[in-house]
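S.K.: Have a look at this one.
The values are calculated or read from the model by the stated rules, or taken from the named source; none is laboratory data. Note that the structure is a prediction, hence the values are computed from the model and not measured. Neighbour counts are summed over all protein chains in view; Cβ atoms, including those assigned to glycine, are modelled from backbone coordinates with ideal geometry.
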Amino acid sequence: MNHRKSSTNDIALRIATAMHQMGIDGLPRNYELVYEAYAGANPDLVREFVALGKFKTQASLDELGRKYLPHHHEEGVLQRSAGAVRDEMANFMALLQQEEISLSDYGRLIGEASQAIIAESPDTSALGMSIERLRQATEQQATRNAAMAASVAAQSENMDAIQRDLASFEATKFADAATGLGNRRAFNKAVAKVYANAELPVSCGLAIVEVDAGKRFSPAQAEALNDYLIRHYGALIKRATPATDVVSRFEGLRFGFLFYTSDENEIVRLLAMLRSAFAAAPLRHPETARNLGCLTFSAGVCMVDGVGNAFDLVSFAEKALQQAQAAGGNRLVVHRGGSDGPEGKDWMIYKNG
């Protein structure tokens, strides 16, 4: 189910046709769900989507969406969290009201005992009874204080759990479940920040990398190994990329990098190191452990210098990647010059013999 078209229009038409055939309403959340399923970015989503059968109800689609695309169901999550917070606040207010009553009663007993103590001619029996009532009230107050402390601690834990759930929900919007890297949404957000000040963009270079699986495996073999390849190269890329830079998986075996350096040669060096890491980490068949050799990758790079907006930065890197693939793959092409496409230097950094 991991299909990639060169034309965005072709992809949109394919998704729209599939939705029509399956009787799926043309809602934005449905479109993204079907797109993610057909792109194959999340193998678990693909399996569960297929398991819904040929005709899928809106309820089943929404259930899948809440699991894998929770940003489309953010309102429901926030409503549940707000309801939980309201419940905890109501419980806390009830505790405070109980404590207020308890302290009022305790204060009254203290007052009565004080009157008995300071009386000019205190009655020994009455004084003893007042002191005993004060002792019992003190013990009861201590017990209530301990219970209240425990209740407040439990409520604090509940509030922490709500906060963790919200943080986890926020993280899923920008995370790729299969690799632990960022997703395309996270990458677009990072690229947009580059041009937060359009007149003074952040100095960086953008690279789009695609593993050359088609050079080593047939389409059927690549499809069978898809989940393994995604996890293998996702983990490899995550380890090999500097923590200060941004890396995300787009779909299939295509990844986006945002290197925060204005030095083109430094980006070439980092990608050369990644290529060496690819060569040093042979594939093992997930079932037989048979050595499957090593794969290479093709890459397109565009530096932010001279590019006026985020769309062009990504577009020129895409075109550079297409040139690298058209030249046989296992190449790095850096975009140079005008809008007609990448021109100039073509690095053949690594090639299997």
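S.K.: Right, R29: outside the structural domain of K319 (by TED's automatic domain parsing), surrounded by 14 or more Cβ atoms within 10 Å (Cβ to Cβ), modelled with pLDDT of 70 or more and over 24 Å from the mean Cα position of the chain (by Cα) or not?
M.R.: no
S.K.: Note down all Cβ pairs under 7 Å where the first residue falls in region 49-64 and is part of a loop (DSSP other than H, G, I, E, B), the second is surrounded by 15 or more Cβ atoms within 10 Å (Cβ to Cβ) and not charged (D, E, K, R), and they're at least six residues apart or on different chains.
M.R.: L52/S60; K54/M22; F55/M22; K56/M22; K56/I24
S.K.: While we're on this one: I need the full set of residues from region 172-201 which are among the β-branched types (V, I, T) and more than 11 Å from the chain's Cα centre (by Cα), in order please.
M.R.: V191, V194
S.K.: Have a look at A116, A154 and point out the one that is in a helix (DSSP H, G or I) and modelled with pLDDT under 70.
M.R.: The unique qualifying residue is A116.
S.K.: Shifting gears a bit: Sort out which residues of region 228-246 are more than 16 Å from A289 (Cβ to Cβ) and either touching a Ser or Thr at 6+ places or on another chain (Cβ under 9 Å) or assigned to a helix (DSSP H, G or I) (or both), and write them in order of number. Walk me through it before giving the result.
M.R.: Step one: filter region 228-246 for residues more than 16 Å from A289 (Cβ to Cβ), giving 230, 233-246.
Once the filter is applied, which keeps residues that are more than 16 Å from A289 (Cβ to Cβ) and either touching a Ser or Thr at 6+ places or on another chain (Cβ under 9 Å) or assigned to a helix (DSSP H, G or I) (or both), region 228-246 yields I230, Y233, G234, A235, L236, I237, K238, R239, A240, D245.
To keep it simple, each residue is scored yes or no on (1) of a type outside the set (D, E); (2) assigned by TED's automatic domain parsing to the domain that holds F250; (3) modelled with pLDDT of 80 or more.
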position	(1), (2), (3)
R14	yes, no, no
R47	yes, no, yes
A51	yes, no, yes
S60	yes, no, yes
D87	no, no, no
L96	yes, no, no
E100	no, no, no
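S.K.: Run T288 past the list (1) assigned to a helix (DSSP H, G or I); (2) among the hydroxyl-bearing types (S, T, Y); (3) exposed (fewer than 14 other Cβ atoms within 10 Å of the Cβ) and report the number of the one that doesn't hold.
M.R.: It is condition (1) that T288 fails.
S.K.: Which condition number in (1) in contact with a Lys or Arg (Cβ under 7 Å, 6 or more places away or on another chain); (2) surrounded by fewer than 20 Cβ atoms within 10 Å (Cβ to Cβ); (3) touching a residue at least 60 places away in the same chain (Cβ under 8 Å); (4) not aromatic (F, W, Y) is the one that G308 fails?
M.R.: The single condition G308 does not satisfy is (1).
S.K.: Checking the condition on the phi < 0 side of the Ramachandran plot and either modelled with pLDDT of 95 or more or over 26 Å from the mean Cα position of the chain (by Cα) (or both), which residue from A289, A317, A279, A310 passes?
M.R.: Step by step, each of A289, A317, A279, A310 is checked, and only A279 is on the phi < 0 side of the Ramachandran plot and either modelled with pLDDT of 95 or more or over 26 Å from the mean Cα position of the chain (by Cα) (or both).
S.K.: Working only within region 252-269, note down all residues that are within 19 Å of F316 (Cβ to Cβ) and in contact (Cβ under 8 Å) with a residue 12 or more places away in the chain.
M.R.: R254, F255, G256, F257, L258, F259, Y260, T261, S262, E264, I267, V268
S.K.: Right, here's the next one. Going by what's in this entry, would G23 be described as at pLDDT below 75 and surrounded by fewer than 15 Cβ atoms within 10 Å (Cβ to Cβ)? Give the steps one after another, and end with the answer.
M.R.: Working: at pLDDT below 75: no; surrounded by fewer than 15 Cβ atoms within 10 Å (Cβ to Cβ): yes.
It is false that G23 is at pLDDT below 75 and surrounded by fewer than 15 Cβ atoms within 10 Å (Cβ to Cβ).
S.K.: Moving to a separate point now. Within region 229-249, can you find the residues that are more than 20 Å from L283 (Cα to Cα) and polar (S, T, N, Q)? Step through it out loud before you land on a result.
M.R.: Let us first name the residues in region 229-249 that are more than 20 Å from L283 (Cα to Cα), namely 242-248.
Passing the criteria: T244, S248.
S.K.: Specify the residue that is surrounded by the fewest Cβ atoms within 10 Å (Cβ to Cβ); the eligible residues are those in region 215-244 that are of a type in the set (S, T, Y) and farther than 15 Å from G256 by Cα.
M.R.: The initial filter retains those residues of region 215-244 that are of a type in the set (S, T, Y), namely 218, 228, 233, 241, 244.
When the remaining residues are screened for being farther than 15 Å from G256 by Cα, the result is 218, 228.
Numbers: S218: 10, Y228: 16.
In this case the residue turns out to be S218.
S.K.: Which condition breaks for F187 when tested against (1) buried (at least 22 other Cβ atoms within 10 Å of the Cβ); (2) under 19 Å from F297 (Cα atoms)?
M.R.: Status for F187: all satisfied but (2).
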